Every structure is written in C-alpha cells, then in structure tokens.
Amino acid sequence: MMKVVTGVVGNDIHVVANRLIDISLQARGFEVFNLGVNTSLEEFIDAAVETDADILLISSLNGEAEGWCRDLQFLRSEYALKDVTFVIGGNLAVGEAKQSDLAPKYKSYGFDLVFHQVDLNTGLDEIERYMSERS
Amino acid sequence: MSKLLIDVGSTYVKVCQKSGISQYFRDFKKDIYDDLVTKCGDIFSKYAKEDIFICSSANGGLSTLIIGLTNSFSLKFAQNIAFNSGINIIDTVLYSKIEESKYPAELVDVVIVVGGIDGIGNVFDKRLLDYLQNIRYSNIVYVGTSQDAGFLSMHIPALKVLGNIITPKLHINEGELKEYLTNLYQADIVGKEDIKHLYALTANQIYSTPYVVNRSLSQIDANFDVVNPFIVIDIGGATTDIHYSHDLVRDNIVSESGYDRLVFKKLGVYKSRETLIFAAKNNEFVYELLAYLHVTENILEEESEKALRILMQLSIFLVLYKVSRLNPQYVTLHLELLETIVLTGGITKVLVFEEVEAIIGFFYKKVMNIHSIPNIVMDFDYAIWTIGMEDNEPKEQKCL
Ligand code: B12
C-alpha cells in the first residue's frame, strides 16, 4: 500500500479540499497521513520521514504557496529522504495565473507534479499514472 | 489518630502536626537524617512510625538526552513526555545529524531513543551505536518503531523497550514512557542514599514532593477558592515547579486529560540563585520590570531581605514567561485562558499578596497585553502539600 502524507501548507485554513483529498486518497487505496490545515513545510517533510511515505501531497488554497517554496530544497537536503514524490495543488498563485506558467516554476523548486486549479480527480489520476510509470 | 507530615526540601524542612506547621533551615554539614533528628527528635518520639509520612524534594530531577528522527514528531513528542514527567532535558539529537552532534559531558540519567511509526524498519543503524559508545548514561529506553527493537536490543545492553510513542496515525502515545520516566524519577529521589536513611523514621513509603502536590490537584477546588483552569506555582530553594491542567495546552498533541507538571531545575531562590539571576538578566523585560518594582539592577547582587523578595517576584515572572508564547521552545500554556494562579512553597512565607499581584499584573500587561489578571490564591500554610500527603497514606505498598 502506498503511503501519502497530505495537508494544507503554511498559514492556510481552507479545510474543505483537505477533507476531500483524504477521503479520495483512501478510496483509491492509499494509506493517508493527514496533517490538516496550518502545516509547516518542516512538518510535512518530518511526517514523510517518520512514516517512510511515498508521496507528499501538499495543498495550498490561499495563494501563498510560493513564499515558503525556497525552503523546500533546503529541507529536502536536511534528511536523506528516499524517493519521495513531491506533489502540490490548489490555488498556487494570487489572482490569475496559468498552469503552464506555474508548473515549470514549481518544478524548479523541487516538485515533481504541479496542479494549479486542477480538479481533484484529474489530479489524482495523474498521480497514479506517474507512480506506476516510476515503479 | 494524628499524623506527622514531613517535607524535606533542598533548603528547609517543613514539619506539619495537628497543631500547625513549623519549618527549619537545613544544615548542610549534616546528612538529612542527623539533621532531622537533631532538630525534631523530640517531635518524632511522640509518633509511631506508621503515623509519620515523609516526602522529599531535595536534589530532585533526572536528566535526559533524547535522540529522535525528526523535530516535529519524534523529538517533539518525547520532549513533551519528558517535561510532563518532570525530567530535565539536557540535549536533543536529530538522528540525521548524529555524526556531527556533540556528546554531553555529564552522566545522563536516561537516554530516550525514538523514531518512526510501527511498520517501518531500518531507521536506526550503526551510527546510533557509535554515538552511544561515547556517552555515559544510567538508563536507556527505546520508544520508536517496533521493527527496530530487535536490532537495538541485540546491540545495546540493558535497553528498555516500550511501546512506540508515535501512533500509526502520527499522534502521541504518552502512556508507557510517561509511566516509566515518572517511576525512574520517583525511584531516584527516594533512592538517594541520605533519603533512604529516613526509613528509620517512617514505616510509610517516601514520595517525591511534586508527586504529592500533583496528587492533591484534583481536590484543590474543594479546599480553595479556585476556578479551573488553574496553575500551581511552587517556588522553592533549588527548583520551581509549575503544575497545570491540560486545558491550558492546546497543542496539536492529543493526550490524556488531567494535570501535568514542569520543573525548572535551576530556578530556585537559594540554591540556584546564580542561574536565576542569569536567567533574569537575559530576559528582555527585566529592566522595565525592575523599574516597575522601583529598584535597580544592583539589587540582584545584594544579600538582603529586599533582594530576596525581588528575586522571588522575578522567579514568578520568569516561570510565567517560560511557558508563555514568547518562549516557543518550551511547552506553551494558554495563559490567556487561566482563571486562577495558586502559589505554594517557600514563596508564600516571604511575599505578601500585593507583591504577587503586582508582578502578575506586570506580566499580563506587558507580555500578554491583557489588563485583567487571573485570581490569585496563596497557599500560606502548605495546605496543598498536606492534602496530597494525607491522601497518599493507605493506598500504596512500600515498594523499595
Ligand atoms: C470557504 C472559503 C474561505 C473560508 C474557509 C473556511 C474553511 N475553514 O475552510 C474562509 C472565509 C475562512 C476563507 C478565508 C480566506 N480566504 Co477563502 N475562500 C473560500 C472559498 C469561497 C471556497 C473554498 C472551498 O472550500 N472550496 C471547496 C473546495 C472543495 O475547493 P477548493 O478549495 O478549490 O479545492 C479544490 C481544488 O483546488 C483542488 N485541490 C486542492 N488542493 C489540491 C491538491 C492537489 C494535489 C490537487 C490535484 C487538487 C487540489 O481540489 C479541490 C476539489 O476539486 C474560496 C473561493 C472558491 N470559490 O473557491 C475562497 C478563496 C480560496 N479564499 C481566498 C482568500 C484570499 C482568503 C483569505 C486570504 C481572505 C482574507 N483576505 O481574509 C482568507 C485566508 C485565511 C487563511 N489564513 O487561510 C481566495 C484565494 C485567492 C488566491 N489563491 O488567489 C479564494 C480563491 C477566493 C478568491 N477568489 O479570492 N476562505
């Protein structure tokens, strides 16, 4: 069973998507560790370490995601993390922005998959495809 | 039948009979037994051994070093449990950094090793064993993933393995580790050579004073004008203790309900005066605070009655500060929810109500930005300790 750590990053309290993600992932057969809203990046990484997770699925809804992304590379290097797949989704910019502009940017921060305003099920299908290609 | 209650502290001894409480300064040239017999021999002779109850807070405190896999889970959970068991954390080691971590110079009473949820393995390896080779410790306990317990038990002599403190859902599981640490602490305090001699005076088990105080908390509201949630601050000669109800901790840590205790080992007004002054001088509010109390910094160097009162006021301030949001490294209590502050210990013999009120008022105004303060209750005659002692009496068997 693949393990996913999920939650909403930073000072962000939009909880509805988080609940949906938890339920949808379980329905798809993932083991879910849900850290809920208001989760720091360090907590995400730490949870992945403690659970030996395969996927780290971060949500950000309030538009502040970019602010803390620079820490990602640093934190990733702090631990000898195994092959964790980093995924981010939600509203990844303030105001109008295109997925095609945002994806390369977030990938350069260290994310493997980026879903700006992408419907959840479409995104989860994509994650499953990515994971099965990897293995 | 009347009883004799005795509390052996680091600085003085309290003796409580039906007729009232008396206290005596400790004579450090003598061991505790001789000291007690010299001062109170005639009192002891009036009571049967069965009616004498002793508790001790002298030289209390165990030290721990925690080695954990991550800051947010392993180390955070273990630190929390250690704090709540009254153990002093001398250092923490993040496992990924263990090769660069320094070794504690002193003998560590208990090393705690933790990491990973059950089900994952190979978290710990030779790096842990190498590190342990270089430190001195009396006990070592493992509370991480059960998969690694076998490997570690094989290589670490006398390793105590308990249930994982991290649940499969990444929540905290306090139970076993807390009990283990509390028992170690209890065994340490009453196992001290000079405390052991006191069994010549009593037929009852000797407890640690904080344990006794903690036992009385559930009955405090029946005996005092106390509204929940409350804290009890016990300022003594060598340490300061704070007991608090769980309602005051809104951590994302889910734990059992009840009361917990923090000990600030070197925040006492007599035996650890230097550390107290040092802590005070490094506090950002201290000059404002001294000005507010109409004294200057020089008072801290003085040996006067006035200086002692100021130090006691400072220690109230520092303890509240340590558990406030301004000091996030420590357990954070939601002091804005606090209804009552109860003060007990030597401090109630020195400070008057107005002095306590003044310092708490300053704290709430400056640190919390709140103009009303919790209700203050002063336990002038050690009633909290008496309740806890009396409550102890018939239940436990002497187990030492
Ligand atoms: C309800 C709501 C709130 C509530 C939240 C209550 C709660 N506890 O959840 C309240 C009123 C508290 C609130 C506050 C704020 N909000 Co608001 N809020 C909304 C609102 C109206 C609905 C959000 C919602 O629950 N949607 C339902 C869920 C199911 O949808 P979703 O969140 O969009 O998630 C879907 C997808 O994004 C996706 N998804 C999410 N994560 C991931 C991850 C992956 C990997 C994938 C594949 C997909 C995915 O899947 C979900 C299902 O399809 C939206 C506007 C909107 N219509 O979307 C604004 C909105 C999210 N909020 C916004 C803002 C700005 C705020 C505030 C900053 C407002 C303020 N100035 O105070 C604060 C922020 C507070 C904080 N610290 O976070 C903005 C964000 C703007 C941006 N990103 O550019 C929005 C978009 C409104 C807007 N158009 O301006 N908000």
(Q) Output needed: percent of Cα pairs per 5 Å distance bin for segment B:122-180, bins running from 0 to the one holding the longest distance. (A) 4, 17, 27, 25, 18, 9, 1
Q: Would you mind giving the average projected area, over all directions, of the Cα convex hull of the protein assembly as shown in nm² with one decimal?
A: 28.6
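At 0.36 nm per residue, and after removing the present C-alpha to C-alpha distance, how many nm does the segment from B:H171 to B:S45 gain when stretched out fully? Working shown, then result.
Values: separation 126, 0.36 × 126 = 45.36 nm, distance 5.34 nm.
Between B:H171 and B:S45, full extension yields 40.0 nm more.
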Q) Accessible surface of B:K306 in the full protein assembly, 1.4 angstrom probe, to the nearest 10 Å²? A) 100
Q: Would you tell me the accessible area of B:V286, worked out with a 1.4 angstrom probe on the heavy atoms of the protein chains, in Å² to the nearest 10?
A: 0
Q. Expressed in whole Å with the largest first, what are the equivalent ellipsoid semi-axes of chain A derived from the C-alpha gyration tensor as the square root of 5 times each eigenvalue?
A. 19, 17, 15
Q: Enumerate the calculated ³J(HN,Hα) couplings along segment B:226-236 in order (Karplus 6.51 cos²θ - 1.76 cosθ + 1.60, θ = phi - 60°), each rounded to whole Hz, writing x wherever the residue is Gly or Pro.
A: 10, 10, 6, x, 9, 10, 10, 10, 10, 9, x
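Once you have the Cα-Cα distance between B:E99 and B:Q219, take 0.36 nm times their residue separation minus that, and quote the gain in nm to one decimal.
Details: separation 120, 0.36 × 120 = 43.20 nm, distance 4.88 nm.
Full-extension gain reported as 38.3 nm.
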Q | Karplus (6.51, -1.76, 1.60) ³J(HN,Hα), θ = phi - 60°, over segment B:62-74, in Hz, Gly and Pro reported as x | A | 10, 10, 9, 10, 10, 10, x, 6, 9, 6, 6, 10, 3
Q) Among the aspartates and glutamates, which fall within straight-line cross-link reach of B:K29, defined as a Cα-Cα distance under 16 Å, with same-chain neighbours fewer than 8 residues apart omitted? A) B:E193, B:D194
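Please report Rg over Rh for segment B:163-219, where both radii come from the alpha carbon positions and Rh follows the Kirkwood definition. Provide the component values of the computation, followed by the final result.
Working: Rg = 15.6 Å, Rh = 13.6 Å.
In segment B:163-219, Rg relative to Rh is 1.15.
Probe radius 1.4 Å, ligands and nucleic acids ignored: give me the carbon and sulfur share of the accessible area of chain B as a rounded percent.
51
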Q: Kindly state, to the nearest 0.05, the FRET efficiency for B:E303 paired with B:H334, given R0 = 45 Å and r defined as their beta-carbon distance.
A: 0.75
Q | Range of Cα positions in segment B:21-61 per principal axis (Å), largest first | A | 29, 22, 19
Q) Relative to a virtual label point 7 Å from the Cα of B:D34 in the Cα→beta-carbon direction, which members of segment B:174-205 show backbone nitrogen distances below 19 Å? A) B:192-201
Q | Spin-label pair A:E126/B:M154, simplified geometry with 7 Å Cα→Cβ offset, distance in nm | A | 4.6
Q | Largest to smallest principal axis extent of the C-alpha atoms in chain B, angstrom | A | 61, 53, 39
Q: Specify the inter-centroid distance of segment B:217-232 and segment A:43-117, based on alpha-carbon positions, in whole Å.
A: 48
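DSSP loop (so not H, G, I, E, B), at most 10 other Cβ within 10 Å: list which GluC sites (Glu not before Pro) in segment A:44-133 pass both filters. Write out the running numbers ahead of the final one.
On the way: sites: A:E50, A:E64, A:E66, A:E78, A:E96, A:E126, A:E128, A:E133; in loops: A:E64, A:E96.
Of the GluC sites (Glu not before Pro), the ones in loops of segment A:44-133 whose Cβ has at most 10 other Cβ atoms within 10 Å are A:E96.
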Q) Computed FRET efficiency, Cβ-Cβ of B:S372 and A:Q73, R0 45 Å: what is it to the nearest 0.05? A) 0.40
Q: Please report, in whole Å, how far the alpha carbons of segment B:62-172 spread along each principal axis, starting with the longest.
A: 36, 30, 25
Q.
Given the DSSP H assignment, sum -39500 (n - 2.57) over each helix run of at least 4 residues in chain B and divide by its residue total; what's the result at 222 nm in deg cm²/dmol, nearest 500?
A. -9500 deg cm²/dmol
Q) In chain B, which longest range has no GluC sites (Glu not before Pro) that are both DSSP loop (not H, G, I, E or B) and surrounded by at most 16 other Cβ atoms within 10 Å? A) B:107-255
Q: Kindly state, to the nearest 0.05, the FRET efficiency for A:Q117 paired with B:E288, given R0 = 60 Å and r defined as their beta-carbon distance.
A: 0.75
Q: For B:K322, go through the lysines and keep the ones whose alpha-carbon is under 26 Å away, minus same-chain ones fewer than eight residues off.
A: B:K76, B:K102, B:K178, B:K265, B:K266, B:K271, B:K281, B:K306, B:K349, B:K365, B:K366
Q. What accessible area, in Å² to the nearest ten, does a 1.4 Å probe give for A:R134?
A. 110
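The values are calculated or read from the model by the stated rules, or taken from the named source; none is laboratory data. Just so it is clear, the structure is predicted and the values come from calculations on it, not from any experiment. When we count neighbours, we look across all protein chains shown, and the Cβ atoms used for this are built from the backbone with ideal geometry, even at glycine. When the accessible area is computed, the model is the full protein with side chains, heavy atoms only, and any ligands, DNA or RNA have been set aside. Shrake-Rupley method; radii C 1.70, N 1.55, O 1.52, S 1.80 Å.
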